[in-house]
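The values are calculated or read from the model by the stated rules, or taken from the named source; none is laboratory data. All figures in this text were calculated on a predicted structure; none of them were measured in a lab. Because the Cβ atoms are built from the backbone with ideal geometry, glycine has one as well, and the counts that use them run over all protein chains shown.
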Amino acid sequence: MPDPVRESVQSKLTDIVAMRRKLHAMPETGFKETATAAYIADRLKAAGLEVHTGIGQTGVVGVLNGSSDGPSLMVRADIDGLPVIEKTGLEFASENGVMHACGHDGHITMAVAAAELLAPMKDRLKGRVVFAFQPAEEIVTGALAMEQDGLFDRWQSDRVIGTHLWNQLPTGFVGVNRGTVFASADAIRIEVTGKGGHGAMPHMTVDPVAMAAQIVSTAQTIVSRELSPNEMGVVTFGQIHGGSAPNVIADNVVVEGTVRAYIPEVREQIFDSLRRITANVASAMRGTASLEHLYGAPPVINNPGVANWVSGIAAQVAGEESVDESPPVSVGDDMAEFLNRIPGTYFLLGAAKEGTEGHHNARFDFDEDCLPIGTEIFVRSALDYLK
Ligand SMILES: [Zn+2]
Ligand SMILES: [Zn+2]
């Protein structure tokens with residue numbers, strides 16, 4: 001039996017692929033997504049949605065009001081690219097030094113396509129759908145920026161859904177977890193302060209390089225010695241800067257890193273340990289050090305009830321055998337801020353493509369066959385929740 005929702009998505013397939021490729025060729029980094037936002041706003045307006053721009057600087061909100069009052073479903077899509085020089089060789093590759101290397105071009109496409117497909121059916125909706133196009137996910141600050149501009153007050157919603165396409169999972173698979181999806185992601189900065197001087201007379205100085213080295217190695221014992229073997233935690237220092245010459249002891253050294261955890265308590269525990277080690281190692285070596293939290297997001301944890309519901313919708317689209325839990329991934333995503341405020345679910349959309357590399361790689365790409373699946377899940381979720 002032909003299914004009208006399936007048919008409407010299938011008949012839009014050429015447009016969906018064209019939209020994704022157009023967006024792929026025009027990536028912009030966090031809070032600079034002006035052309036992207038304009039493109040989204042134009043399409044939503046043309047479809048008849050109520051459109052609000054400048055929500056969280058470059059964020060866009062599109063509201064599709066149904067025929068009568070009812071609950072509000074929020075659909076969230078992130079819209080930023082990464083400062084990566086694309087090396088895919090695709091005919092629609094970006095040439096502006098920024099790359100949609102995480103698949104957010106696909107996320108925008110699925111949400112816009114769902115809005116366009118739902119708009120002509122709005123008489124069937126009791127309630128409304130709020131499409132939240134979030135900037136600056138890659139620096140996990142866009143969700144809070146949208147909140148500051150009233151996202152969660154002006155468009156209070158009862159449920160939130162969103163997806164991240166994932167090219168490490170097979171196309172056709174939909175991962176719906178009843179709990180943790182992604183880890184918390186925090187950026188930290190440690191400034192170690194000593195007393196500079198002549199490299200040949202260390203006794204006249206307090207060496208911040210030696211202190212920083214000790215802090216970095218002692219911090220490795222947080223995960224290996226302080227966390228339970230059953231808990232997941234990551235402490236990575238990706239940058240260390242200090243000094244200006246081989247024979248000069250510097251005044252200070254800056255170390256920057258990232259912290260990941262699957263549960264909020266472990267996230268806190270790692271931070272407590274980092275503060276203790278930073279301050280005490282420095283003081284034991286006659287210097288000082290301070291730890292600054294630059295930015296971050298909590299772990300992405302789904303509401304089990306909403307996850308059950310999404311799982312049922314996904315099964316209608318992809319088939320029951322293709323919907324399952326998938327192992328949590330240690331990346332972060334500020335979809336967490338949405339899920340901390342509104343019961344919701346972030347599902348993973350399999351998008352593996354042969355010959356490509358993983359997310360954030362210059363040779364990243366994904367299987368466009370995932371796009372109609374995600375689009376259809378969004379459309380069916382709205383029709384079901386607002387019926
Ligand atoms: Zn990413
Ligand atoms: Zn991403």
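Go through the stretch 162-176 and count every residue that is within 14 Å of ligand 2 (Cβ to nearest atom) and crowded, with 23+ Cβ neighbours inside 10 Å.
Qualifying residue count, the stretch 162-176: 6.
Which of the following residues is in contact with a helix residue (DSSP H, G or I) (Cβ under 9 Å, 6 or more places away or on another chain), of a type in the set (Val, Ile, Thr), away from ligand 2 (no atom under 15 Å from the Cβ) and within 20 Å of ASN167 (Cα to Cα): VAL317, VAL310?
VAL317
Does the stretch 9-16 include one or more residues that are without any contact (Cβ under 8 Å) to a residue 24 or more places away in the chain, surrounded by fewer than 24 Cβ atoms within 10 Å (Cβ to Cβ) and not aliphatic (A, V, I, L, M)?
Yes, that holds for at least one residue.
Are any of the residues in the stretch 343-355 without any contact (Cβ under 8 Å) to a residue 12 or more places away in the chain and surrounded by fewer than 18 Cβ atoms within 10 Å (Cβ to Cβ)?
yes
Answer yes or no as to whether VAL61 is within 21 Å of the chain's Cα centre (by Cα) and either surrounded by 24 or more Cβ atoms within 10 Å (Cβ to Cβ) or among the aliphatic types (A, V, I, L, M) (or both).
yes
Looking only at residues in the stretch 355-383 that are within 14 Å of VAL75 (Cα to Cα) and of a type in the set (D, E, K, R), which one is farthest from ligand 1 (Cβ to nearest atom)?
Only one residue fits best here, namely ARG380.
Condition test on ALA119, is it in contact (Cβ under 8 Å) with a residue 60 or more places away in the chain, hydrophobic (A, V, I, L, M, F, W, C) and either closer than 20 Å to LEU339 by Cβ or within 12 Å of ligand 1 (Cβ to nearest atom) (or both)?
No: the conditions fail for ALA119.
Quick one: count up the residues across the stretch 132-176 that are charged (D, E, K, R), in a loop (DSSP other than H, G, I, E, B) and in contact with a strand residue (DSSP E or B) (Cβ under 6 Å, 6 or more places away or on another chain).
Total meeting the criteria: 3.
Applying the selection to the stretch 294-337, what residues are within 16 Å of ligand 1 (Cβ to nearest atom) and among the aromatic types (Phe, Trp, Tyr)?
Once the filter is applied, which keeps residues that are within 16 Å of ligand 1 (Cβ to nearest atom) and among the aromatic types (Phe, Trp, Tyr), the stretch 294-337 yields only TYR295.
Which condition number in (1) outside the structural domain of GLY199 (by TED's automatic domain parsing); (2) in contact with a Gly (Cβ under 8 Å, 6 or more places away or on another chain); (3) of a type in the set (S, T, N, Q) is the one that SER311 fails?
It is condition (2) that SER311 fails.
Going by the structure shown, is PRO343 over 20 Å from GLY374 (Cα atoms) and either within 16 Å of ligand 1 (Cβ to nearest atom) or modelled with pLDDT of 95 or more (or both)?
Criteria not met by PRO343.
Has the stretch 42-58 got any residue that is of a type in the set (Lys, Arg) and more than 16 Å from ligand 2 (Cβ to nearest atom)?
yes
When TRP309 is evaluated against the numbered criteria (1) surrounded by fewer than 13 Cβ atoms within 10 Å (Cβ to Cβ); (2) under 30 Å from LEU371 (Cα atoms), which criterion, by number, is the only one it fails?
The failed condition is (1).
For the stretch 304-326, state whether one or more residues are under 29 Å from GLU147 (Cα atoms), among the charged types (D, E, K, R) and at pLDDT 95 or above.
Checked against the condition, which is being under 29 Å from GLU147 (Cα atoms), among the charged types (D, E, K, R) and at pLDDT 95 or above, the stretch 304-326 yields no hits at all.
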